[in-house]
Amino acid sequence: MELLLFGIAKDIVGESVIDLSDKDCLPTSVAELKKLLAAAYPDFSKLSSLAIAVNSEYADDDVVLDKDDEIAIIPPVSGG
Amino acid sequence: MEHIVVEIVDEIDTSQVFTDLSHAHSGGICIFVGTVREFTQNEEVVSLEFETYEKMALKEMNKIASDATAKWNLNKVVIRHAVGAKQVEEPVVIVGASSAHRDACFEACRYLIDTLKETVPIWKKEIFKNKTVWVSAHP
C-alpha cells in the first residue's frame, strides 16, 4: 500500500511516497489511515484540512481501503 | 451539444482560448484569467510554484465542466491550469464558457473558477525573498 503526498504534506513527511507494505497491520479504512497519520506526523493536525483520495476520488472516513488502491493525502488545495 | 476542454499545462497561451470557445451558436464568450500578483499582504512575491495530482485534478476539472453544462446552457467550456514556476504577471489558470446569450457564460465562468479553487488538487507555494509558504495550508 503506497500513499502519494503533495504540497505541504510532502514537506511534513519529507517524501513524495510512503510505502506501508511492510507494516504489520495496514489501515482498513480512511478513518484508520487518518488516525495513523496523525500519530506518526503531528504536524498534519495543524493544517486547515486534510482529505484522503482513494483511486483519485475524494473519500469519506468510512471508505474501505484495499492494498491495491492508489491512496493520496490531499492537504488544503490552493489552485487558481 | 457541448464541448469541454480540460488541461494541465506547463504554459498558458491566453490567445488560444478564444479559438477553444468560439462556436457558431454562441453570441458571447466569458473568460477568467488568474495571474501571479506581486504582493501578498504587503510582502513581495518572487514567484509561485504550482504542483498537482494530475490524474485526480483532471477528473475534478471534468466534473466541474460537466456540472456547469448541466446548470447553464453552454456551447463550450474550457478549464486550463498551469503547473511549475510562474513569475509575476504570468497567467496560471484560464477558465471560460461560451453561450447563446451572455448571462449563462458570465455565471458559468464564475462557477468554474470558484469551484476549481475549492476542489481541484493543485497546490500553490508562494516564494518570498526569505521564506516559502504553501497557500491556505494553515488556518
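Laboratory data are not the source of any read-out in this text; all were calculated from the coordinates shown. Because the structure is a prediction, the values reported are computed rather than measured. Positions of Cβ are backbone-derived with ideal geometry, glycine not excepted, and every protein chain shown enters the neighbour counts.
Can you show me the helix-derived [θ] at 222 nm for chain B, built from DSSP H runs with n ≥ 4 at -39,500 (n - 2.57) apiece and divided by the number of residues, rounded to the nearest 500.
It lands at -9500 deg cm²/dmol.
Between A:Glu15 and B:Lys71, what is the label-point separation in nm under the 7 Å Cα-to-beta-carbon projection?
Once both label points are built, they end up 4.0 nm from each other.
How crowded by other chains is B:45-58, given as the mean number of beta carbons from other chains within 10 Å of each beta carbon?
Per-residue shielding by partner chains comes out at 3.
Kindly identify the protein assembly as shown as rounded, prolate or oblate by the Cα gyration tensor criterion: order the square roots of the eigenvalues as a ≥ b ≥ c, call it rounded if a/c is under 1.5, otherwise compare a/b with b/c, prolate if a/b is larger, else oblate.
oblate
What FRET efficiency do you get for A:Ala31 and B:Thr132 if R0 is 30 Å and r is their Cβ-Cβ distance, rounded to the nearest 0.05? Could the numbers behind the result be given before it?
Details: r = 32 Å, r/R0 = 1.06.
Approximately 0.40, to the nearest 0.05.
For the stretch B:3-134, what proportion of DSSP beta bridges, expressed in % and rounded to the nearest 5, is antiparallel?
Details: 31 of 38 bridges.
Percent antiparallel among DSSP bridges in the stretch B:3-134 is about 80.
Given the DSSP H assignment, sum -39500 (n - 2.57) over each helix run of at least 4 residues in chain A and divide by its residue total; what's the result at 222 nm in deg cm²/dmol, nearest 500? Write out the running numbers ahead of the final one.
On the way: 2 runs with 18 residues, N = 80.
Mean residue ellipticity, 222 nm, calculated: -6500 deg cm²/dmol.
Give me a comma-separated list of calculated 3J(HN,Hα) values for the stretch B:9-20, in order, Karplus coefficients 6.51, -1.76, 1.60 applied at θ = phi - 60°, integers in Hz, x for any Gly or Pro.
Couplings: 9, 7, 9, 9, 9, 5, 7, 6, 5, 5, 4, 4 Hz.
Fewest Cβ neighbours within 10 Å first, please rank A:Leu37, A:Leu47 accordingly.
A:Leu47, A:Leu37
Quick one: which residues, 5+ away or cross-chain, put their amide H under 5 Å from the amide H of B:Thr35? H built at 1.01 Å from N.
Sorted by chain and number, the residues that satisfy this are B:Val92.
Using label points projected 7 Å from each Cα along Cα→Cβ, tell me how many nm separate B:Asn42 and B:Val88, to one decimal.
1.7
To the nearest 10 degrees, how steeply does helix B:54-71 sit against the main Cα axis of chain B, on a 0 to 90 scale?
Helix B:54-71 sits roughly 40 degrees off the main axis of chain B.
Suppose we keep just the alpha-carbon trace of the stretch A:2-74; what are its Rg and Dmax in angstrom?
When restricted to the Cα atoms of the stretch A:2-74, Rg and Dmax are 11.2, 31 Å.
Taking amide H atoms as placed 1.01 Å from N in the peptide plane, list the residues 5 or more away in sequence, or in a different chain, whose amide H sits under 5 Å from that of B:Gly28.
B:Ser99
To the nearest 0.05, what FRET efficiency results for A:Asp60 and B:Thr14 with a Förster distance of 45 Å applied to their C-beta separation?
The calculated FRET efficiency here is 0.75.
Can you pull the one-decimal nm distance between simple spin-label points at A:Asp22 and A:Ser45, each 7 Å off the Cα toward Cβ?
My value for the distance between the label points is 2.8 nm.
Helix B:102-119 against the longest principal axis of chain B: what's the angle in degrees, Cα atoms only, rounded to the nearest 10?
40
For B:His3, what residues show an amide H to amide H distance below 5 Å, using hydrogens built from the backbone and excluding near sequence neighbours?
B:Lys76, B:Val77
Out of the DSSP beta bridges found with both residues in the protein assembly as shown, what percent are antiparallel (nearest 5)?
Close to 80 percent.
With loop defined by DSSP as not H, G, I, E or B, and exposure as at most 11 other Cβ atoms within 10 Å, which is the longest segment of chain A clear of exposed trypsin sites (Lys or Arg not before Pro)?
By the stated rule (loop sites, at most 11 other Cβ atoms within 10 Å), A:24-66.
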